[in-house]
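The structure appears right after this line, and notes come after that.
Values in this text are rule-based calculations from the coordinates and carry no lab data. Fair warning: this is a prediction, and the values are worked out from it, not measured in the lab. Because the Cβ atoms are built from the backbone with ideal geometry, glycine has one as well, and the counts that use them run over all protein chains shown.
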Amino acid sequence: MPETATQERQAAVADPGAAVTAEQRLRAHVETLERRLRKRDEQRRAMLHIMGDLSEFNKRLANQRKAMLHVLADYEQDRRRLARQTERLDSSRRALLHILQDSHQDKLRLEASRKAMIHIMGDLRETTAEMQRREQELRDKQEQLVQAGKLATLGELTTGVAHELNNPLNNIGLFVGNAVDLIELAVTEKGQIVGELRHAMQQVSKATEIISHLRTFGRAAPVSREPISLRQVIERALSLMREQLRLREIEVTVDLGPEEPVVLGNAIQLEQVFINLLTNARDAVAEAPRKAIRISGSTGSGAVEVALADSGHGIPPGLERRIFDPFFTTKEVGKGTGLGLSITYGIINEHGGTISVVSPPGAGATFLIHLPLAPAETEETSP
Amino acid sequence: MTTTLSVLIVDDDPALLQALPQALRLRMGEVTVETAESAAAALERIAVQDYDAIVTDIKMPGMDGLALLAEIRTRRPDTPTLIITGHGENELVVRALRGGACDFIQKPIDRGYFVAALYRAIWAHVQNRRAKDRQLALESCAEELEQIVQKLEREPRAVPGRAES
C-alpha cells in the first residue's frame with residue numbers, strides 16, 4: 001500500500017486536477033486506514049482481553065496442574081503403599097503357606113505321637129501288671145522276712161527260755177522224787193505226799209505256759225487284724241523276757257496311764273515289736289551303771305503313743321537313720337541279725353503307725369511308737 | 001559226825017527252796033537245812049552261823065553264785081561250798097571250781113548224786129578239820145617237848161649225881 005500511496009502522491013503532483021481526486025482518494029484511504037486502525041485497535045484490545053482471559057485461564061490451568069500434581073503425588077504414594085501392602089500380603093501368604101505346611105507336618109507328627117502313645121499305654125498297662133505282681137511278691141517276701149525275724153528272735157530267746165524251762169523241770173524232778181521217797185519210806189500221812197505232787201503240778205503248768213507261749217509266738221499264722229489291748233501285748237512280751245531281765249538286774253517300769261488303749265492289729269506281731277525293742281534295750285544297758293527300761297504310754301484322740309526308754313549309752317550320732325535298715329547291726333557277728341528293728345519298723349508301718357528314735361548325747365535311747373487306736377465299738381448290746 | 005549237820009541252800013527260785021531241803025531231809029535224816037533267797041541274805045546268815053556246807057545256785061540276780069563263793073572263801077574259808085549250774089554250762093563250772101568250789105551239781109538235780117556230793121564235801125570238810133585239829137595238837141605237843149628240852153638244857157648242874165662225882 002505505501003507504494004500505492006506514493007504513486008498517488010506522484011500522480012497528484014503531476015496532475016493538479018488529479019490532485020483533488022487524489023486527495024479525496026487519499027482521504028478515503030486515510031479513513032480506511034483509520035478504520036482499519038480502529039478495527040485493529042479493537043482487535044488488539046479484544047486480543048488483549050483474550051490474552052487476559054488466556055492468562056487467567058492459564059493461571060487456573062497452572063493451579064489445576066499443581067493440584068493435579070498433588071493428586072498425582074498422593075496417587076503415587078497410595079500406589080507405593082499399595083505395592084508395599086501387596087508385598088507384605090505376599091510374604092504373609094508365603095508365611096501362611098509355610099505355617100500350613102508346618103501344621104501339616106505337625107499333624108503327621110502328632111499322629112505318630114498318638115500311635116507311640118498307644119504303644120506306651122499298652123506297655124504301661126503291662127508294666128503296671130508287672131508292678132502289681134512284684135508288689136505282691138514283695139509283700140510275700142516281707143511276710144517271710146517277718147517269719148524269719150520271729151524265728152531269729154526265738155533263737156535269741158532260746159538261751160533265756162532254756163534256763164526258764166530248766167528250773168520248773170528241775171523242781172518237778174525234786175518234788176516227784178520227794179514223793180517217791182515218802183512212799184518208799186512208807187509214810188502213812190498222805191497229805192505230805194499230795195503236797196509234793198501238787199507242787200510238782202504247779203511247776204508243770206509253769207513250764208507248759210512258757211512252751212505254749214513260745215509256740216504261739218513262733219507259729220506262721222495268717223496275719224489277722226482284731227482289736228487288741230496294748231497293755232496285754234506289752235505284758236506278754238515282758239513275760240517272755242522277764243527271766244533274762246531279772247537275771248541282769250534290769251529294772252523295768254511300765255506306766256501306760258489309766259486308759260486301756262486298744263489298737264486294731266495282730267497281737268503276735270506287736271508282741272514281737274516289744275520283744276525286739278526289749279532285747280535291744282537289754283543289750284544297751286548291759287554295761288551301764290544304772291540298768292533301767294521304762295515303758296510309758298499316753299492315749300490321745302485316735303492314737304496311742306508308747307515310749308520305750310533305756311538307761312544305756314544311746315545310739316552313736318549318725319546311726320539313728322540306719323538302725324531301721326535290714327541287716328544293719330552294731331552287735332558282734334553272730335550276736336545280732338540286724339533284722340529286729342527293720343522288722344519292727346515293717347510291723348508298725350503295716351499297722352498304720354510310725355516308729356522313731358531319739359537319742360540325745362549322753363543319755364539312753366528312746367523309741368517312740370505311734371499307733372492309731374481301733375475305732376470305738378459302735379454296736380450297743382441291747383438286752 | 002554224830003551231831004546234826006547244818007546246810008545252807010541259796011537260790012532265787014522259791015519252788016527250789018521248797019523242794020531241795022525236803023529232799024535233803026528225806027535222804028539225809030539228821031540235817032538242818034536253812035535257805036536264803038539271795039546272796040546278800042546268805043552272807044547275813046554266814047556271819048552268825050558256821051554251816052557244815054553251803055549250796056548255791058550260780059545264776060542269781062544281784063550278786064551271783066561266783067561272787068558269793070568268793071565272799072565265802074574270805075569269810076568262811078573252811079566251809080565247803082557246792083555250786084548248782086545249768087546243764088552244759090561247762091565254762092561256769094570250771095570258773096566255780098577254780099574259785100574254790102568243792103563240787104558242782106548240774107540241773108536237773110539228781111538227788112542221789114546231790115546227797116552223795118554233799119556227804120563227800122562234808123566228810124572231806126570234817127576230815128580236814130580233824131587233820132587240822134590233830135596238827136594243832138601235835139604242834140602244841142612239839143612245842144611242849146621243845147620247852148622241856150630247853151628247860152633241861154638250862155639246868156645241867158641240877159642233875160643229881162654229877163656234882164658229887
Legend entry - Acute angle (nearest 10 degrees) that the helix A:230-247 long axis makes with the longest principal axis of chain A, alpha-carbon atoms: 50 degrees
Legend entry - the range A:182-213: GluC sites (Glu not before Pro) in DSSP coil with no more than 12 other Cβ atoms inside 10 Å: A:189
Inset, instruction - Return a whole-number percent for the relative contact order of chain A, with Cα pairs under 8 Å and 6 or more residues apart as the contact set. - result: 11 percent
Legend entry - Interchain or long-range residues, amide H under 5 Å from residue A:374's placed H: A:262, A:263, A:264
Inset, instruction - Grab the DSSP H runs of chain B that are 4 residues or longer, score each as -39,500 (n - 2.57), total them, divide by all residues and round the 222 nm result to the nearest 500 deg cm²/dmol. - result: -18000 deg cm²/dmol
Inset, instruction - Quote the charge dipole size of the protein assembly as shown about the Cα centre in Debye, to the nearest 20; the model charges only the Cβ of Lys and Arg (+1) and of Asp and Glu (-1). - result: 4340 debye
Legend entry - Shielding by partners, peptide A:185-192 (average Cβ within 10 angstrom, other chains): 1
Legend entry - Residue mean of other protein chain beta carbons inside 10 Å, B:13-26: 6
Inset, instruction - Take the Cα atoms of the range B:70-126, build their convex hull, and give its volume per residue in Å³. - result: 68 Å³
Inset, instruction - Kindly work out what percent of the DSSP beta bridges joining two residues of the protein assembly as shown are antiparallel, to the nearest 5. - result: 50 percent
Legend entry - Computed log₁₀ I(q)/I(0) - Debye formula, equal Cα scatterers, no solvent, the protein assembly as shown, q 0.06, 0.07, 0.09 Å⁻¹: -0.61, -0.71, -0.92
Inset, instruction - Given the options A:116, A:19, A:83, state which has the largest fluctuation in a GNM of chain A using a 10 Å cut-off (strictly under) for Cα springs. - result: A:19
Legend entry - FRET E, pair residue A:107, residue A:140, Förster distance 51 Å, beta-carbon r, rounded to 0.05: 0.55
Inset, instruction - Rank A:254, A:20, A:176 by mean-square fluctuation in a GNM of chain A with C-alpha springs under 10 angstrom and give only the top-ranked residue. - result: A:20
Inset, instruction - Write down Rg/Rh for chain B, rounded to two decimals, with Rg from the C-alpha atoms and Rh from the Kirkwood relation over Cα pairs. - result: 1.28
Inset, instruction - Hey, can you grab everything whose amide H is under 5 Å from the amide H of residue B:35? Only 5+ residues off in sequence or another chain; H modelled, so Pro and N-termini drop out. - result: B:9
Inset, instruction - May I ask for the angle, rounded to the nearest 10°, between helix A:267-284 and the longest principal axis of chain A, with both axes built from Cα atoms and the value confined to 0 to 90°? - result: 80 degrees
Legend entry - For residue A:249, residues with placed amide H under 5 Å, excluding near neighbours: B:62
Inset, instruction - Would you work out which of A:351, A:252, A:229 lies farthest towards the positive end of the dipole of the range A:228-375? Charges go on Cβ: Lys and Arg +1, Asp and Glu -1. - result: A:252
Inset, instruction - Name the residue farthest towards the positive end of the dipole of the range B:73-147 from the options B:88, B:104, B:137, assuming +1 on Cβ of Lys and Arg, -1 on Cβ of Asp and Glu, about the Cα centre. - result: B:88
Legend entry - the range A:258-272 versus the range B:116-132: alpha-carbon centroid distance in Å: 58 Å
Inset, instruction - Wrap a convex hull around the Cα atoms of the range A:228-375, take a quarter of its surface area, and give that in square nanometres. - result: 8.5 nm²
Inset, instruction - Go through the range A:98-143 and name the GluC sites (Glu not before Pro) that are in a DSSP coil and have 11 or fewer other Cβ atoms within 10 Å of their Cβ. - result: none
Inset, instruction - Step through the residues of the range B:18-25 one at a time and calculate ³J(HN,Hα) from phi using the Karplus curve (6.51 cos²θ - 1.76 cosθ + 1.60, θ = phi - 60°), rounding each to whole Hz and writing x for Gly and Pro. - result: 8, 6, 5, x, 4, 4, 5, 5
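For chain A, what is the mean residue ellipticity at 222 nm derived from helices alone (per DSSP H run of n ≥ 4: -39500 (n - 2.57); sum divided by total residues; nearest 500 deg cm²/dmol)? Display every interim value, and only then the final one.
On the way: 6 runs with 258 residues, N = 383.
Taken over chain A, the calculation gives -25000 deg cm²/dmol.
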Legend entry - Listed residue pairs exceeding 28 Å between alpha carbons, taken from A:39/A:66; A:141/A:291; B:107/B:132; A:206/B:107; A:291/B:59: A:39/A:66; A:141/A:291; B:107/B:132
Inset, instruction - At a Cα cut-off below 17 Å, give the lysines reachable from residue A:107, other chains included and same-chain residues fewer than 8 away excluded. - result: A:115
Legend entry - Inter-label distance for residue A:147 and residue A:354, nm, one decimal - labels placed 7 Å from Cα along Cα-to-Cβ: 3.2 nm
Legend entry - Gain on full stretching of the segment that runs from residue A:124 to residue A:4 - 0.36 nm per residue minus C-alpha separation: 29.9 nm
Inset, instruction - Find the centroid of the Cα atoms in the range A:34-79 and in the range B:78-97, then give the distance between the two in whole Å. - result: 156 Å
Inset, instruction - Report the full-extension gain for the segment residue A:320 to residue A:204: residue separation times 0.36 nm, less the Cα-Cα distance, to one decimal in nm. - result: 37.4 nm
